[in-house]
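The values are calculated or read from the model by the stated rules, or taken from the named source; none is laboratory data. None of these values were measured; they are calculated from a predicted model. No Cβ is skipped: glycine too gets one built from the backbone with ideal geometry, and neighbour counts run over all protein chains shown.
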Amino acid sequence: MSEQTVTKRGCFITVEGTEGVGKTTNIAWIRQCLLAHGIEPLQTREPGGTELAEQIRALLLSPRDEKMAELTELLLVFAARAQHLAQKINPALTAGQWVLCDRFTDATYAYQGGGRNLDKQTISTLENLVQGELRPDLILILDIEPELGLQRARLRGEPDRFEQETLAFFNRVRAAYLDRARQNPSRYLIVDASQPLDQVQQQIKLGLDNFISAGDTAI
Ligand code: T5A
């Protein structure tokens, strides 16, 4: 009988937060921290990550006259995710590669659940359908007063469909993120993103080093 080698699945790290919190800025830093440990992650983002999923992202983000129904938004988010998982995330994880993703399903619980007040059970049902048992191993939340994040984001140009939402919407999004972290603290790393960038990066490095040295790399 031939011996079969079982590859341990790669570790799945996601980065979350409200608008302009510094995800794009810090993902490059996270990658550097992982490379320093000899880990070369597949870096990707949601909504998006494949050609088709990026087209769904454009639908989700472009401002339009016709109001997008909340359920349409939720289903588009999960449609993009199903494509992303099938084409990119699952094959990489199965091959043992680490995946570093800018936003994932915590964003759905925060934006569609917290922001839009959609039923969490509906989100959970779609999560199970689309992801099976897959959940991120580490969720890094960059936390900031939404007002400050929006100021940073708006410096970059025209607001997208989400950035046009009210401050109350983003306060609900933030509260939903923090609530999820409180319910499952071992899986979350919360970083105070209002600090100067070098201090934010120090917090991230410390958290990642602890995570990697704990060897908690597969659920
Ligand atoms: N969405 C997504 C859902 O509703 N449901 C879902 O399930 C998913 C997956 C797009 C939208 O999709 C929604 C949520 C989003 O609204 P996105 O493109 O990831 O998702 O959203 P944004 O938050 O808009 O991402 P951005 O790229 O616009 O913002 P970042 O990446 O958080 O911020 P970044 O790095 O561009 O930084 C913003 C500015 O701040 C500066 C940077 O230099 C930059 O100018 N900055 C700092 N300044 C001072 N001090 C610091 N510490 C700083 N860090 C960064």
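Tally time: how many residues in the range 30-51 are buried (at least 16 other Cβ atoms within 10 Å of the Cβ) and either touching a helix residue (DSSP H, G or I) at 6+ places or on another chain (Cβ under 8 Å) or of a type in the set (Val, Ile, Thr) (or both)? Result for the range 30-51: 13. For the range 135-165, the candidate set comprises residues that are out of contact with any Leu (no Cβ under 9 Å at 6 or more places or on another chain), more than 11 Å from the ligand (Cβ to nearest atom) and modelled with pLDDT of 95 or more; within that set, the residue that is farthest from Leu61 (Cα to Cα) is Asp137.
Restricting attention to the range 163-193, which residues are assigned to a loop (DSSP other than H, G, I, E, B) and surrounded by 15 or more Cβ atoms within 10 Å (Cβ to Cβ)? Write out each step before concluding.
Just the residues of the range 163-193 that are assigned to a loop (DSSP other than H, G, I, E, B), to begin with: 163-166, 184, 193.
Residues satisfying the conditions are Glu163, Glu165, Ala193.
It is to be established whether one or more residues within the range 158-171 are of a type in the set (Val, Ile, Thr) and within 15 Å of Val21 (Cβ to Cβ). Among the residues of the range 158-171, not one is of a type in the set (Val, Ile, Thr) and within 15 Å of Val21 (Cβ to Cβ), which makes the answer no.
Within the range 11-31, residues that are touching a residue at least 40 places away in the same chain (Cβ under 8 Å) and near the ligand (Cβ under 10 Å from one of its atoms) have Cβ atoms under 6 Å from residues that are assigned to a strand (DSSP E or B) and among the charged types (D, E, K, R) in these pairs: Val15/Asp102; Lys23/Asp102; Ile27/Asp102, counting only partners at least 6 apart in sequence or on another chain. Scanning the range 76-86 for residues that are in contact with a Leu (Cβ under 8 Å, 6 or more places away or on another chain) and over 18 Å from Asp106 (Cβ atoms) yields a single hit, Gln83. Within the range 15-29, the residues that satisfy the criterion of being of a type in the set (Gly, Ala, Ser) and either touching a Gly at 6+ places or on another chain (Cβ under 7 Å) or loosely packed, with under 15 Cβ neighbours inside 10 Å (or both) are Gly20, Ala28.
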